[in-house]
Amino acid sequence: MANNTKGRRDFIGMALGGFTALGGIGALYAAKRTWDPLPSVKAAGFTTLDLSNVPEGVLITEKWRGKPIFILRQTKDMMSKVSKKDMKRLIKIGDDHFMVAVGLCTHLGCIPGYRPETQDFLCACHGGMYNSTADVTKAPPPRGLDIPPFKIDGKKLVLGEQGPEYKKMLEDGTTLPV
Amino acid sequence: MAHFDENAKPFSHKWLNERLAIDTLQRVLSTEYWIPKNINFLWAMGMVLAATFGLLLISGIFLLMYYQPNVNTAFDSVNYTIMSEVGYGWLWRHIHGVGASVVFLIIYIHMFTGIYYGSYKRGRELIWLSGMLLFITFSAEAFSGYMLPWGQMSYWAGMVITNLFSGGSLHADGLVEWIRGDYVPGQAFLNRFFMLHVLLMPLIIIGLIVLHFGTLRIPHVNNQDGEDFDFEEAARLYKEGKIKESKVIPFKPVFLSKDVFVMGIYFIFFFYLVFYHFEFAMDPVNFDPANPLKTPTHIYPEWYFLWSYEILRPFPTDPGLVAFGFAQVIFLLLPFLDRSPNVAPASKRGLFKYWFWALLVDMIVLTFMGKLPPEGAWSVIGLIAALFFFALWIALPIITSKEKKL
């Protein structure tokens, strides 16, 4: 290549490279957006749970955003064993205390099984354990089951909306945002 | 322009040769591709793998004609349509399932053959690295394929493995949801893993297989003694007719005939499994349709992932993830962690001999512990075996740098 064309060829090369890179970045962004959850999935809204007829000490499983939600109305026996720290995890409606949590192990997302005789949860996947307030008692899970955003509405609970009680839980680190 | 004989008949040998150089291609790729004589049946595993990949591809094409990547119909399209309606549909499914399992058995044999004979050392690093990339892409291919029947094991394996990407305390739920296209595995998840399984991963695998063959060309195949000899001289002797004196044989037809013999034995074993023992590759739990509200009592991966699963399991989340990450990449670094210049079978390499067998036994122990429930003594043995795995890799550069030069 003659010397006098070098500058021009370099320029053409850089211009081509620049536009190719620009197009490449654009294509990558489009690819990323294509993999994003769809708006219809994102909008999967709110679930209202009526807690007025929930029996004591029996685990109820509901569904919110495709995830299982555990509801366990604490018995007197359970309440006597709850530590001060774990009290914060419970939702008080009237005189009743409810454990409401996303029923997915905080380790890798299996559903822990409830054991009525010992009033605790055991995750069969990797052996993690939780007490009746769904706080972790045995590793590998790093923390208790996450509490879904909720708002108390009389005897009902609206999942997906953030009420003052939930915001307080977030602030003092009782749960992480789900 | 090149010379084209106007009298050559279309598609005759001469006609093709002038246009495609078929004689040169044949010579370079097979009749003068030289393989050492001093090898054993373990050197046939590469072609056994290529043949098994071929079987997976062909059986996959037929399964693709009736499989439906939809959360409502996927399970029945496999377990009802393909298994009982489609003529010989069961054959493709059993070949595909057995093939996916057995291909890993052969990959492990192929890998450990390479480790034992030092076939990853100077000049052959890229063979090892491209091979390990194939191991990783085959793992991704196996995982994405396991999602497709949309049974309980599919669903919960999908849940657990995608959750690994939250990075423990990093709590990167956004990334996990991005991978899934949903809060939990659902339609978007099944569809994209279907795409990965039938198109993107196979394309990458085929590209890597070509690269893997390419990396072999210049350093040549290793031999049983790790002997470094002059291939050109050996090839000259062979071509002169001094076949006995030469240390090499041509790929075609000599080496290939040995390969085909080993493949023959292998296929007897393979089709025995396909016809009489396919159930080992068909987990009974996966014959329940996916249920997002119920985790099976025990979930475990297929046998070929158990060793790395057991490295994840005994630790708390964060160290567990670090340990798991370490186990996934450490084999890639083997050519650089082995500091000894010796290319020789492990039996001649002092301490490395014990290292090799210790690694093999440890991975077998991890595999067994991974299948057992994480309780009591099994947890303890699993933890010790996992720690021993790390100790071995940390010890490798030390023991190999002290190795005497042969």
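The values are calculated or read from the model by the stated rules, or taken from the named source; none is laboratory data. All of these numbers come straight from a predicted model, not from anything done at the bench. Counting neighbours? That spans all protein chains shown, and the Cβs are built from the backbone with ideal geometry, glycine included.
Annotations for the structure displayed:
- Residues located in the stretch B:194-252, provided they are part of a helix (DSSP H, G or I), of a type outside the set (A, V, I, L, M, F, W, C) and closer than 19 Å to residue B:40 by Cα: B:252
- When the test is whether a residue is in a helix (DSSP H, G or I), at pLDDT 95 or above, in contact with a Ser or Thr (Cβ under 7 Å, 6 or more places away or on another chain) and more than 21 Å from residue B:66 (Cα to Cα), residue B:126 passes it.
- The stretch A:18-36 residues that are in a helix (DSSP H, G or I), paired with ones that are not basic (Lys, Arg) (beta carbon under 7 Å, 6 or more apart): A:35/B:178; A:35/B:181
- Counting the residues of the stretch B:87-107 that are in a helix (DSSP H, G or I) and surrounded by fewer than 17 Cβ atoms within 10 Å (Cβ to Cβ) gives 3.
- Inside the stretch A:117-145, residues that are in contact (Cβ under 8 Å) with a residue 40 or more places away in the chain, surrounded by fewer than 18 Cβ atoms within 10 Å (Cβ to Cβ) and touching a strand residue (DSSP E or B) at 6+ places or on another chain (Cβ under 6 Å) make up a count of 0.
- Taken over the stretch B:151-181, the criterion of being closer than 20 Å to residue B:75 by Cα, more than 24 Å from the chain's Cα centre (by Cα), of a type outside the set (Gly, Ala, Ser) and more than 9 Å from chain A (Cβ to nearest Cβ) is satisfied by B:152 alone.
- Inclusion of residue B:314 among residues that are within 14 Å of another protein chain (Cβ to nearest Cβ), touching a residue at least 60 places away in the same chain (Cβ under 8 Å), part of a loop (DSSP other than H, G, I, E, B) and touching an Asp or Glu at 6+ places or on another chain (Cβ under 9 Å) is not warranted.
- Search result, residues across the stretch A:164-178 that are in a loop (DSSP other than H, G, I, E, B), more than 11 Å from chain B (Cβ to nearest Cβ) and either under 17 Å from residue A:102 (Cα atoms) or modelled with pLDDT under 80 (or both): A:173, A:174, A:175
- Condition met for residue B:6 (among the acidic types (Asp, Glu), in the same structural domain as residue B:134 (by TED's automatic domain parsing) and at negative phi): no
- Restricting the stretch A:101-113 to residues that are within 12 Å of another protein chain (Cβ to nearest Cβ) and closer than 21 Å to residue A:55 by Cα, the residue that is surrounded by the fewest Cβ atoms within 10 Å (Cβ to Cβ): A:113
- Whichever residue in the stretch A:28-69 is among the aromatic types (Phe, Trp, Tyr) and within 12 Å of another protein chain (Cβ to nearest Cβ) and, among such residues, is nearest to residue B:178 (Cα to Cα): A:35
- For the stretch A:66-86, the set of residues classified as out of contact with any Ser or Thr (no Cβ under 8 Å at 6 or more places or on another chain) and not polar (S, T, N, Q) consists of A:66, A:67, A:73, A:76, A:77, A:79, A:84, A:85, listed by residue number.
Residue by residue, here is whether (1) without any contact (Cβ under 8 Å) to a residue 12 or more places away in the chain; (2) more than 30 Å from residue A:124 (Cα to Cα); (3) touching a Lys or Arg at 6+ places or on another chain (Cβ under 7 Å) holds:
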{"position": "B:322", "(1), (2), (3)": "yes, no, no"}
{"position": "B:339", "(1), (2), (3)": "no, yes, no"}
{"position": "B:346", "(1), (2), (3)": "no, yes, yes"}
{"position": "B:366", "(1), (2), (3)": "no, no, no"}
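- The residues on offer are B:270, B:229, B:213, B:193, and the sole one that is under 26 Å from residue B:120 (Cβ atoms), within 20 Å of the chain's Cα centre (by Cα) and either crowded, with 16+ Cβ neighbours inside 10 Å or assigned by TED's automatic domain parsing to the domain that holds residue B:149 (or both) is B:213.
- Residue in the stretch A:115-124 that is within 13 Å of chain B (Cβ to nearest Cβ), part of a strand (DSSP E or B) and more than 20 Å from residue B:160 (Cβ to Cβ) present: yes
- Every residue from the stretch B:350-379 that is surrounded by fewer than 19 Cβ atoms within 10 Å (Cβ to Cβ), within 12 Å of chain A (Cβ to nearest Cβ) and in a helix (DSSP H, G or I): B:376, B:378, B:379
- Selection status of residue B:184, part of a helix (DSSP H, G or I) and at the interface with another protein chain (Cβ under 9 Å from one of its Cβ atoms): no
- Of all residues in the stretch B:48-93, those satisfying the criterion of being closer than 30 Å to residue B:213 by Cα and touching a Gly at 6+ places or on another chain (Cβ under 6 Å) are B:52, B:55, B:56.
- When residues of the stretch B:1-37 are limited to those that are acidic (Asp, Glu) and assigned to a loop (DSSP other than H, G, I, E, B), the one farthest from the chain's Cα centre (by Cα): B:6
- In the stretch B:294-310, of all residues being in contact with a Gly (Cβ under 8 Å, 6 or more places away or on another chain) and within 12 Å of another protein chain (Cβ to nearest Cβ), the one that is surrounded by the fewest Cβ atoms within 10 Å (Cβ to Cβ) corresponds to B:297.
- All positions within the stretch A:131-161 that are assigned to a strand (DSSP E or B), touching a Gly at 6+ places or on another chain (Cβ under 7 Å), closer than 20 Å to residue A:73 by Cα and within 14 Å of chain B (Cβ to nearest Cβ): A:136
- Of all residue pairs spaced 6 or more apart or on separate chains, those with beta-carbon atoms under 6 Å, a first member in the stretch B:369-390 that is among the β-branched types (Val, Ile, Thr) and a second member that is assigned to a helix (DSSP H, G or I) are B:381/B:369.
- Residue within the stretch B:124-140 that is assigned by TED's automatic domain parsing to the domain that holds residue B:218 and either of a type in the set (Lys, Arg) or without any contact (Cβ under 8 Å) to a residue 40 or more places away in the chain (or both) present: yes
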